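A.B. asks: Here's a structure for you.
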Amino acid sequence: MLLLVLTGLAWMMQIMSMMKFLLNYGVELTSFLGLTMLMVPFIMSIIIPFVTFIAVIFVYNKMISDNEVTVMAASGLSPRQIARPAIVLAGVLTALHLVLNLWIVPQTQSMFYSTQWNLRYGLAHMKLQESAFTQITRGLVVYVDKVSGHDLSQVMLSDMRDESAPVTIFAEKGKLISTARGLSIVMTNGSLQAAGDTLTTGTFDSFDMDLNVADKGGESSFRVRRVPTNDLIDYVLNSPTKDQHKMVLAELSSRFLGPVMNLVLAVLCALILLRSSLLRRRASFAPAVAVAAMAVVMSMYMSLSNMIESVSQFAILAFGVFAVLGVLVFILCKK
């Protein structure tokens, strides 16, 4: 329930931060909501460990305050048995987290960046009105007499993006196309007038004009979040260049070791709360200690995961994470 609430809040914040798509690019509401929904799996992958910790500390602290843990311990249950539900829950969330990190998040992030580019620069968002001036971007205005799909007739284009060299183009016909450079318009049978140091005029049979400065190569640029896990592993093992190894290894650490932190935080919280509850003088500050310990563990993990630069360091970090988990479980099970 907490996961749904926090994910919903984060999704609403994402909607607010991306409101410019509705205002600046004329994107339909359904397309906009679909775009923001693609961020939900990534949001969930970030907050799952913290949700696990909050759920465990909330439930067990309430049980301790109601003396239920004391009664269970007096009836012969060990801390390991009392903590078993928390560990099972963390195990289920770890499996869910792994599925998200290894498969779902890369796919949805790839779809997110592709959809974002198409909505911003692609043909999908380009809606020219007949017999009206349309501002494509700052300094670029297009007028068309008739529009039939992506085919245009009687086109006038004013390009003042470079104020020192404005260009005005008239053409009988035009066609909107999507290229590697971005959105372009191919015009036929027209004339051109360009001002600069000298005034240039002329006619053309065909003329290709960029309508924005977006580079579609940027849409498909190397973003570790959108790259499939198998490709990241192959890149680390076989790529001759080492420029992006640190970024790739940090992403692999997040995908493989991040889910394990669910178990680490659940066991850490249960250990601190249950051990303190069995003292003669119950430690009322145990929840605060658990929160502080969680902050220290997560900050150390995130710092170290962003510092690894080689496969051997990644292996050392993985060993350290599982070693910490093993020590916490050992202490929890110790009578």
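Any read-out appearing in this document is the output of simple, stated calculations on the displayed coordinates, not a laboratory observation. Treat the numbers as computed from the prediction; the structure is a model and nothing was measured. Cβ placement follows ideal geometry from the backbone for every residue including glycine, while neighbour counts extend to all protein chains displayed.
A.B. asks: For the chain, return all DSSP H helices satisfying: extent of Cα atoms along own axis at least 18 Å; mean Kyte-Doolittle hydropathy at least 0.5. Let's see the in-between values first.
C.D. replies: Working: long enough: 2-17 (23 Å, 1.81); 40-65 (35 Å, 1.96); 79-99 (30 Å, 1.14); 105-121 (24 Å, -0.82); 260-277 (26 Å, 2.13); 286-305 (28 Å, 1.69); 311-333 (33 Å, 2.57).
Flagged H segments are 2-17, 40-65, 79-99, 260-277, 286-305, 311-333.
A.B. asks: Sort 52, 30, 200, 36 so that the residue with the fewest other Cβ atoms within 10 Å of its own Cβ comes first and the one with the most comes last. Present the calculation step by step, with values, prior to reporting the outcome.
C.D. replies: Details: 52 26, 30 8, 200 12, 36 19.
Going from least to most buried by this count: 30, 200, 36, 52.
A.B. asks: Which of 271, 317, 140 moves the most in a Gaussian network model of the chain with Cα springs under 10 Å?
C.D. replies: In this elastic network of the chain, the residue with the biggest mean-square fluctuation among 271, 317, 140 is 140.
A.B. asks: Within the set of other residues whose C-beta is less than 15 Å from the C-beta of residue 168, count the net charge using Lys and Arg as +1 and Asp and Glu as -1. Present the calculation step by step, with values, prior to reporting the outcome.
C.D. replies: Working: positive: 161; negative: 159, 162, 163.
Once all neighbours under 15 Å are counted, the net charge is -2.
A.B. asks: In addition: Across region 222-335, what fraction of all alpha-carbon pairs, as a whole percent, falls in each successive 10 Å bin from zero upward?
C.D. replies: Calculated over all Cα pairs of region 222-335, the distribution is 13, 37, 25, 15, 7, 2, 0 percent.
A.B. asks: Rounded to the nearest 20 debye, what is the charge dipole size of region 128-210 about its Cα centre when +1 sits on each Lys and Arg Cβ and -1 on each Asp and Glu Cβ?
C.D. replies: On the way: 6 positive and 11 negative charges, 41 e Å.
Result for region 128-210 is approximately 200 debye, rounded to the nearest 20.
A.B. asks: Strictly greater than 21 Å: what percent of every Cα pair in region 128-210 meets that?
C.D. replies: Values: 820 of 3403 pairs.
Beyond 21 Å sits 24 percent of the P(r) for region 128-210.
A.B. asks: Right, another one. With a sphere of radius 15 Å drawn around the Cβ of residue 191, what net charge do the other residues whose Cβ falls strictly inside it have (Lys, Arg +1; Asp, Glu -1)?
C.D. replies: Working: positive: 173; negative: 159, 172, 205.
Result for the local shell: -2.
A.B. asks: Also, quick follow-up: Mind checking which of 226, 275, 80 has the largest fluctuation in a GNM of the chain, springs on alpha carbons under 10 Å?
C.D. replies: Looking only at 226, 275, 80, the largest GNM fluctuation is found for 275.
A.B. asks: Starting from the Cα coordinates of region 1-131, work out the convex hull volume and express it per residue in Å³. Write out the running numbers ahead of the final one.
C.D. replies: Working: hull volume 13.1 nm³, N = 131.
Taking only Cα atoms, region 1-131 has a hull volume of 100 Å³ per residue.
A.B. asks: Within the chain, how many Lys pairs that are eight or more residues apart, or on different chains, come under 16 Å at the alpha-carbon? Spell out each step's value before the answer.
C.D. replies: Working: 127/146; 127/175; 146/173; 146/175.
Final tally of qualifying lysine pairs is 4.
A.B. asks: Using Cβ counts within 10 Å as a stand-in for footprinting exposure, how do 179, 115, 134 rank, fewest first?
C.D. replies: Working: 179 11, 115 17, 134 14.
Fewest-to-most Cβ neighbours within 10 Å comes out as 179, 134, 115.
A.B. asks: Of the residues 90, 293, 74, which exhibits the maximal mean-square fluctuation in a Gaussian network model of the chain defined by a 10 Å Cα contact cut-off?
C.D. replies: Judging by the Gaussian network model, the answer is 74.
A.B. asks: Quick one: in the chain, what % of C-alpha pairs are over 27 Å apart?
C.D. replies: Numbers: 33986 of 55945 pairs.
The calculated P(r) of the chain puts 61 percent of pairs beyond 27 Å.
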